[in-house]
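Okay, so here's the structure we're looking at.
The values are calculated or read from the model by the stated rules, or taken from the named source; none is laboratory data. All values derive from a computational prediction rather than experimental measurement. Reconstructed Cβ throughout: ideal geometry from the backbone, glycine too, with neighbour counts over all protein chains shown.
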Amino acid sequence: MTLTTKQKNILAQLSTDRDFATPGEPTRTYVICCNHRTGSNLLSEALYRTGVAGDPIEYFNLGFIREFCRTRGHNQLPLFRYLEEMRQRRTSPNGVFGMNIKFDQVRLAFQNDPDVAERLLYRNDAHIFLYRRNKLKQAISAYKGQVRGVFNVVDGQSGEPSNQDAEVPFDPARIIRNLNSQSWIDEEWLAFFKKHGISYYSVAYEDLVDHYEFYIRDILRYIGVDARDVAIPTKPTVKIGNAEDDALARAFLGHLDPDGGYLASAADANRRASRQA
């Protein structure tokens, strides 16, 4: 059976080959509080490769949970038993453990007990809010991933399935659904921070990509790691976005305003404001 990129990534991230050789006892935990298509795999993989920030993968992605259960011959496994095992395997030797959490994923995993989910989220030492400024590009990236089943590619990965280059038809309704769901997730995270009085580190996908080394080192400092002598790995994931994203964005904006009247007027107003400034 040929595995998809997504399946291969899940198997690789759960494999014992990825465990720390000498895991530490967790003394400091952090959460990457993120949305879909915000560079969370880039951030998580980079932090893991430093060797001093645990392994903050998507532990509450249902695909990960199902695969973990399958390898143990269970149809269902208590989530905290699963998480405790991963803590024992993926806490870096300096005692740091991290998690990459999408709000909708943890809400789904704990749908029968949302209070437990909230306690799991706020009882951490540090919270990183990762978001994307360009919401349309974010929605299009998610739509492309849904069509192709490819959401991230680790640098050097080979033997990719042919559907990675499959044609992506223009479907404005699905793009709008992604815009709605992604806006909801950002709002839920911000409401969660406010409800619990949580101080958090905020970084946009666009800034993380453009100033990668600075942000990895700064985030290490934020979570309590002395980052002065830490070697920052080269970017570990391959950017999937390309000119196709721009074409889909233009098609979507044309769909919203086929006559170009409102968009053209807004663009003119922005240019005038820029000149006056």
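Here the range 71-95 is the region considered, the condition is being touching a residue at least 40 places away in the same chain (Cβ under 8 Å) and part of a helix (DSSP H, G or I), and the residue that is farthest from the chain's Cα centre (by Cα) is Thr71.
Here's the yes/no breakdown for (1) buried (at least 17 other Cβ atoms within 10 Å of the Cβ); (2) of a type in the set (A, V, I, L, M, F, W, C); (3) out of contact with any Leu (no Cβ under 7 Å at 6 or more places or on another chain); (4) at pLDDT below 95:
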position: Arg174; (1), (2), (3), (4): no, no, yes, no
position: Asn178; (1), (2), (3), (4): yes, no, yes, no
position: Ser181; (1), (2), (3), (4): no, no, yes, no
position: Trp184; (1), (2), (3), (4): no, yes, yes, no
position: Glu187; (1), (2), (3), (4): no, no, yes, no
position: Leu190; (1), (2), (3), (4): no, yes, yes, no
position: Ser199; (1), (2), (3), (4): no, no, yes, no
position: Val203; (1), (2), (3), (4): yes, yes, no, no
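In the set (1) more than 28 Å from Asn134 (Cα to Cα); (2) part of a loop (DSSP other than H, G, I, E, B), the condition left unmet by Phe68 is number (2). Applying the selection to the range 90-110, what residues are under 11 Å from Pro26 (Cβ atoms) and either hydroxyl-bearing (Ser, Thr, Tyr) or surrounded by fewer than 21 Cβ atoms within 10 Å (Cβ to Cβ) (or both)? Listed by number, the residues that qualify are Thr91, Ser92, Asn94, Gly95.
When you scan the range 221-237, do you find a residue that is closer than 15 Å to Ile128 by Cβ, modelled with pLDDT of 95 or more, in a helix (DSSP H, G or I) and not acidic (Asp, Glu), even just one? Looking through the range 221-237, at least one residue is closer than 15 Å to Ile128 by Cβ, modelled with pLDDT of 95 or more, in a helix (DSSP H, G or I) and not acidic (Asp, Glu).
Of all residues in the range 191-215, exactly one satisfies the criterion of being within 16 Å of the chain's Cα centre (by Cα), in a helix (DSSP H, G or I) and within 22 Å of Leu121 (Cα to Cα), namely Tyr205.
Table: residues versus (1) crowded, with 23+ Cβ neighbours inside 10 Å; (2) in contact (Cβ under 8 Å) with a residue 12 or more places away in the chain; (3) not aromatic (Phe, Trp, Tyr).
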| position | (1), (2), (3) |
| --- | --- |
| Arg18 | no, yes, yes |
| Ala21 | no, no, yes |
| Pro26 | no, yes, yes |
| Cys33 | yes, yes, yes |
| His36 | no, yes, yes |
| Ser40 | yes, yes, yes |
| Gly54 | yes, yes, yes |
| Ile57 | yes, yes, yes |
| Arg66 | no, no, yes |
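With respect to Pro23, is the statement that it is outside any helix (DSSP H, G or I), over 17 Å from the mean Cα position of the chain (by Cα) and modelled with pLDDT of 95 or more true? Spelling it out, Pro23 is indeed outside any helix (DSSP H, G or I), over 17 Å from the mean Cα position of the chain (by Cα) and modelled with pLDDT of 95 or more.
Checked across the range 111-134, the condition of being within 22 Å of Lys239 (Cα to Cα) and surrounded by fewer than 16 Cβ atoms within 10 Å (Cβ to Cβ) holds for at least one residue. Kindly indicate whether any position in the range 137-153 is assigned to a loop (DSSP other than H, G, I, E, B) and either over 30 Å from Ala249 (Cα atoms) or without any contact (Cβ under 8 Å) to a residue 12 or more places away in the chain (or both). No: the range 137-153 contains no residue that is assigned to a loop (DSSP other than H, G, I, E, B) and either over 30 Å from Ala249 (Cα atoms) or without any contact (Cβ under 8 Å) to a residue 12 or more places away in the chain (or both). Is the range 236-257 home to any residue that is over 25 Å from Leu136 (Cα atoms), surrounded by 16 or more Cβ atoms within 10 Å (Cβ to Cβ), touching a Leu at 6+ places or on another chain (Cβ under 7 Å) and among the hydrophobic types (A, V, I, L, M, F, W, C)? No, there is no match, as no residue in the range 236-257 is over 25 Å from Leu136 (Cα atoms), surrounded by 16 or more Cβ atoms within 10 Å (Cβ to Cβ), touching a Leu at 6+ places or on another chain (Cβ under 7 Å) and among the hydrophobic types (A, V, I, L, M, F, W, C).
Figure legend. Inter-residue proximity from the range 176-198: first residues without any contact (Cβ under 8 Å) to a residue 12 or more places away in the chain, second residues of a type in the set (Lys, Arg), beta-carbon distance below 9 Å, spacing 6+ or different chains. No pairs are indicated. Before we move on, is Arg87 modelled with pLDDT under 95, more than 29 Å from Asp210 (Cα to Cα) and out of contact with any helix residue (DSSP H, G or I) (no Cβ under 8 Å at 6 or more places or on another chain)? In short, no.
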